[in-house]
Amino acid sequence: MFATPVPEFARDDAARAVEWAAFRDCWITAVGMWLDARGDERPQGTARRLAWRLWTAVHGIATVHLAGHDSPSGDPEQEVAAMVRLMLADPLGAGAP
């Protein structure tokens, strides 16, 4: 996420477009469908913000796990599930500043 695994690789506009399309299709669409099923009124861009938050949290837990660090429970799947439940308890961020 924050590294350059392939030396001298530079993300250009074409790479960014592919990344964005994949993120939109995989994350934003699914989160938007979940939010729609809840029936909540929400500001424009909520699905994108929530999808980004979920992706970065899941990615972070996976990266830390793959680097060989133990999670508090010893079970990274349990940690991901708990984090997702916590974030989805207040998906519109009403409790956040």
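When the residues of region 13-50 are filtered to those that are polar (S, T, N, Q) and at pLDDT below 90, the one that is farthest from Val84 (Cα to Cα) is Gln44.
Within region 74-85, at least one residue is hydrophobic (A, V, I, L, M, F, W, C), within 20 Å of Gly45 (Cα to Cα) and at pLDDT 85 or above.
Going by the structure shown, is Val80 over 20 Å from Arg24 (Cα atoms) and assigned to a helix (DSSP H, G or I)?
Numbers: over 20 Å from Arg24 (Cα atoms): yes; assigned to a helix (DSSP H, G or I): yes.
When the stated conditions are applied, Val80 passes them.
With respect to (1) under 11 Å from the mean Cα position of the chain (by Cα); (2) at pLDDT below 85, the lone exception for Pro7 is condition (1). Every condition in (1) charged (D, E, K, R); (2) loosely packed, with under 11 Cβ neighbours inside 10 Å; (3) under 15 Å from Val84 (Cβ atoms) holds for Arg53 except the one numbered (2). Residues in region 1-42 that are free of Cβ contacts under 8 Å to residues at least 12 places away in the same chain, closer than 30 Å to Asp90 by Cα and not in a helix (DSSP H, G or I): Phe2, Gly39, Glu41. Restricting Ala96, Ala67, Ala89 to residues that are over 18 Å from the mean Cα position of the chain (by Cα), exposed (fewer than 10 other Cβ atoms within 10 Å of the Cβ) and modelled with pLDDT under 90 narrows the list to Ala67.
The values are calculated or read from the model by the stated rules, or taken from the named source; none is laboratory data. It should be emphasised that the depicted structure is a prediction, and the values quoted were computed from it without experimental measurement. Neighbour counts run over all protein chains shown; Cβ positions are idealised from the backbone, glycine included.
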